Structures are given as structure tokens and as C-alpha cells.
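The values are calculated or read from the model by the stated rules, or taken from the named source; none is laboratory data. Bear in mind the structure is a predicted one, so any value in this text is a computation, not a measurement. Counting neighbours? That spans all protein chains shown, and the Cβs are built from the backbone with ideal geometry, glycine included.
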Amino acid sequence: MKVLKFGGTSVGSAARMKHVASLICDGEQKIVVLSAMSGTTNSLVEISDYLYKKNTSGALEHLNSLEQKYYAVVNELYATEPYREQGRELIKSKFDYLRSFSKSVFTTFEEKVILAHGELISTALVNAYLQECGVKSCLLPALDFMRIDKNGEPDMAFITGHIHEMLQENAGYELYITQGFICRNAYGDIDNLQRGGSDYTASILGAAIEASEIQIWTDIDGMHNNDPRFVKNTKPVPSLHFEEAAELAYFGAKILHPTCILPAKLHNIPVRLLNTMEPSAPGTIICNEIEKGKIVAVAAKDNITSIKIKSGRMLLAYGFLRKVFEIFEQYRTSIDMITTSEVGVSVTIDNPHHLTDIVDNLKKFGTVTVEEDMVIICVVGDLLYENIGFQSKVVNALRDVPVRMISYGGSNYNISFLVKAEDKVKALGNLSAELFE
Ligand code: ADP
Ligand code: ASP
Ligand code: MG
């Protein structure tokens, strides 16, 4: 069985939902993961923000206008009055529930319940539409099988056991529709897989059912060789190795959630990126094969902070790096890039939450310099060290960009550079010109 995931723009209007229905109804049994309609999760975040700030009228105003948009979708989506009526009732009951949060205390617990509603509504609407069309479709509630553990990692044993049970209990349907993004945590509360997490739902599910393929349907024809939001004339990459795709996703290629490749890679399930707006385009296939001797793509990860620790005592001192890393571990802050020299070490982090405490502690070991608003530029491909000349080509492309750090050799798949945020677009453009044109 395949798992297909459709993102926010793919279900962003009644017309798009109908189009998705036409893509998934081919007689083949499949699991379909849906995101919230585009814009909804952002609106729900904003509504939560008003509730945190105890601005009830601000929250209600946004809720009411979002509710009206859904009535228009219901009107356009269904052809018959009973389904329209059922759709209106669904929207009313969900929004009445959302409005009830304005009367109670508001914490992250309530926020997560609110955020879950985008996916809860989109899946209910599409499932009812499929039923109106006479398709044998059933809704599998993600909150009944998708669970994360105390560390926020998917609880694969729980997920695998429960999804198999639910598929058995509901045998014989053509389509199983479920919500991306949402889950329960180790305590049973409603939680989520972080923004953009519907891709992750699809790959976790694919791994749990040993799917034959995971398809991520979005608004672009596959992974492009550079970020199309900042560089012109980018081109789709026909195939990527799991490791290459994982690096690109982690280092900013928004088309994929950062961690979504891992479950597919562990179970060797191919991931195909496809375009809902252009379904016949070949897209990108991500699997265990690598195109030899080629640099395939570039991505950029924003909001990076670099920290340099200089220490005279580092010279020949074993254990220095352990002490440094222990501080990051103590504050549960992961490090993205590392460069070292005899007198110092530079690292980057993307979560500055504990920056002050980390810097305070690092000062015990040396002089600490922090630079914020940096960007990691990641160049991905078959970068085995035997492939002579690749790194010089990449470095040469950045000859007129100030580079703060370079990391090469950590894997066979990437070279990363740390540059200032203001130099990001130039760096990406230079790399495209040098490597792909
Ligand atoms: P969805 O809502 O379907 O999950 P996203 O907006 O999360 O879609 O991801 C698709 C978007 O990712 C594209 O519209 C594109 O602007 C952006 N993107 C960033 N980098 C890349 C890349 N290297 N290749 C393709 N798309 C990319
Ligand atoms: N709806 C969620 C978001 O906007 C999850 C997703 O679309 O993948 O982040
Ligand atoms: Mg996405």
C-alpha cells in the first residue's frame, strides 16, 4: 500500500480538494495524509497568540472570519444539501469548541488543541466529499494511532501496533484518510510534530505499514536544485539519495520537513515528491541510489547563531571538546556545524533559547564570541573526497562572499558554509550560476 500526503496548498480551496479527490481515486487502496487548508494553521497560531495575551475579542474576530471562509468552502465543495448541512454542522461545532477556549486559562496545552483543528477539519471535509462521490473512504483519526514519546520522538511500536489494528478493523475501504501533523504525546495530550510536520506523519506511517512508496504532493514539481523563493531558474532534481534529501531538508529545503526522510530511509521506502498542480511532471524520487560524481542541490537554513570559544589551554588538551559539548547537552541544544583549530572551536546552533546560560558556562573555558543572524548554506551531492575539484568549485563560487565557517568531510554528501543573513541570496545565486548553469 502507498501513503500519499497532500500539503496545505493542495487542499487550499474546494476546487483543490476536488482535484485531490480525482488524483487519489484510481481503485488502488491507499492511505492519504492531509494537511490543514493553507493559511489555517497560521491563523490558529495567531488566534492562540491573542488568547495568550487575553485579548478575547481579537481571538473571536479572527475565529469568526476563519469560520466564514469554511462555510464558503462547504457550499462550494458539496453538490447535495444533506452533505452541505452536515458540513455546516461540522464547522459550527468545531468553531463553537474553539470559541470556548476564550473562557478558560490558556496554556500550551490549549494551544496544541487549537492548532490540531486545521487538520481535523480538512480531513473531515475531504472524507465527506469522497463519500458524497460514492467512494469507499474512511477516516482514521491520527489521534488514535500517532504518538510521540517523552523525547518528542515517534513511538514506533505504539504507532505500528495501532495503525495495523485500525486498518484491520476497517478492512475493505479504498481510501483511508488521516490527519498530518497532529499526534498525542507520552501523557496522552494532543500535541503535534512541529510546523510542516504532515510530511513527517506520512513517512512515519509509511514506515509503520512498510508502504511500497511514500508520495509527498505539493505545489512544486519536486526538489529543486536551489531555493526557488530566492533564486531564479531553479530546476527539479530527478533523483536524490536518502542522505542527500535528508541534508537538504534539514538545511532548509522547505519542501520537506527536516526529519521526514529518516523513517523512510530506515525502512528503505522510496519517497516521491510530486506536484498536485502538474501531476504528470516526473517530480523527484528519493531512494537508496546516488547519482555518481554530481553536485545536485543547494539549500539555506536561517536563524543560525555561531559561537566561538578561543582557549590557550586547548593546545594538546584532551577532553576540551567534551567539556564544551557537555554544556550544550546540559541545555538540550543541538549543534549543527563545528569547525576547530588548535586554539579554538566554533559551533552553530539554531535554537538560541538557552544562549545566555550556554555562553555563561562556556566562559569558564575561554573567550567566547557570539554572532547572531547567520545562515548555513548547504551544498549537497556525491561529495566523496576522491571526487577531485568539487570543493574548490564550491568555494570558488563564494569568492566574493564573506564566509565565517566551512564544514566538509562530515559526510560524503555535503559541504556547508556559514555566512551572514544579508549575504544569503547572493551566496545561493552564485552557487547556482557556478554549479548548475
Ligand atoms: P506543503 O504545504 O505542500 O507542505 P510547503 O510550502 O511546505 O508545501 O513546501 C513547498 C514549498 O517549498 C515550495 O512552494 C517552495 O517554495 C519551497 N521550497 C524551498 N526550497 C525548495 C526546493 N529546494 N525545492 C522545491 N521547493 C522548495
Ligand atoms: N498544517 C501544519 C502547518 O502548517 C502542518 C503541515 O502543513 O505540514 O505547519
Ligand atoms: Mg510542508
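Quick rundown of the values:
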{"quantity": "Residue selected from the stretch 9-48 under the condition of a type outside the set (A, V, I, L, M, F, W, C), within 22 Å of PHE145 (Cβ to Cβ) and within 16 Å of ligand 1 (Cβ to nearest atom), by the criterion surrounded by the most Cβ atoms within 10 Å (Cβ to Cβ)", "calculated": "SER35"}
{"quantity": "Cross-chain or 6+ apart pairs with Cβ under 8 Å, the stretch 334-355 first and more than 24 Å from GLY312 (Cα to Cα) and surrounded by 14 or more Cβ atoms within 10 Å (Cβ to Cβ), then at pLDDT 95 or above and aromatic (Phe, Trp, Tyr)", "calculated": "HIS354/TYR331"}
{"quantity": "Single unsatisfied condition, LEU140 versus (1) surrounded by fewer than 18 Cβ atoms within 10 Å (Cβ to Cβ); (2) away from ligand 3 (no atom under 16 Å from the Cβ); (3) of a type outside the set (Ser, Thr, Tyr)", "calculated": "(1)"}
{"quantity": "Hits in the stretch 303-353 (condition: among the polar types (S, T, N, Q) and within 19 Å of ILE376 (Cα to Cα))", "calculated": "ASN303, THR305, SER306, THR333, SER334, THR339, THR340, SER346, THR348, ASN351"}
{"quantity": "The listed residue being more than 9 Å from ligand 1 (Cβ to nearest atom) and out of contact with any helix residue (DSSP H, G or I) (no Cβ under 8 Å at 6 or more places or on another chain), out of GLY206, GLY197, GLY222", "calculated": "GLY197"}
{"quantity": "Search result, residues across the stretch 59-81 that are under 17 Å from VAL126 (Cβ atoms) and not β-branched (Val, Ile, Thr)", "calculated": "LYS69, TYR70, TYR71, ALA72, ASN75, GLU76, LEU77, TYR78, ALA79"}
{"quantity": "Qualifying residue in the stretch 100-109 (condition: without any contact (Cβ under 8 Å) to a residue 24 or more places away in the chain and of a type in the set (A, V, I, L, M, F, W, C))", "calculated": "yes"}
{"quantity": "Those residues of the stretch 178-191 which are more than 16 Å from ligand 3 (Cβ to nearest atom) and either of a type in the set (Phe, Trp, Tyr) or over 20 Å from the mean Cα position of the chain (by Cα) (or both), in sequence order", "calculated": "ALA186, TYR187, GLY188, ASP189"}
{"quantity": "Residue match in the stretch 408-420 (condition: under 22 Å from ALA245 (Cβ atoms), in contact with a Ser or Thr (Cβ under 6 Å, 6 or more places away or on another chain) and of a type in the set (Ser, Thr, Tyr))", "calculated": "yes"}
{"quantity": "Residue in the stretch 22-34 that is in contact with a Lys or Arg (Cβ under 7 Å, 6 or more places away or on another chain), hydrophobic (A, V, I, L, M, F, W, C), in contact (Cβ under 8 Å) with a residue 40 or more places away in the chain and assigned to a helix (DSSP H, G or I) present", "calculated": "yes"}
{"quantity": "Near pairs, Cβ below 7 angstrom, 6+ apart or cross-chain, from the stretch 240-263 (touching a residue at least 24 places away in the same chain (Cβ under 8 Å)) to any residue that is within 13 Å of ligand 3 (Cβ to nearest atom) and charged (D, E, K, R)", "calculated": "LEU256/ASP199; HIS257/ASP199; CYS260/ASP199"}
{"quantity": "Subset tally (residues that are at pLDDT below 95 and β-branched (Val, Ile, Thr)) for the stretch 278-294", "calculated": "1"}
{"quantity": "Qualifying residue in the stretch 318-334 (condition: in a strand (DSSP E or B) and either over 17 Å from the mean Cα position of the chain (by Cα) or at pLDDT 95 or above (or both))", "calculated": "no"}
{"quantity": "Residue that is farthest from LYS30 (Cα to Cα) [pool: residues in the stretch 177-192 that are more than 8 Å from ligand 2 (Cβ to nearest atom) and of a type in the set (A, V, I, L, M, F, W, C)]", "calculated": "ALA186"}
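Each row is one residue, and each column tells you yes or no for (1) without any contact (Cβ under 8 Å) to a residue 40 or more places away in the chain; (2) crowded, with 18+ Cβ neighbours inside 10 Å; (3) within 19 Å of GLU85 (Cα to Cα); (4) in contact with a Lys or Arg (Cβ under 8 Å, 6 or more places away or on another chain).
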site	(1), (2), (3), (4)
ALA124	yes, yes, yes, no
LYS136	yes, no, no, no
ASN151	yes, no, no, no
ILE159	no, yes, no, yes
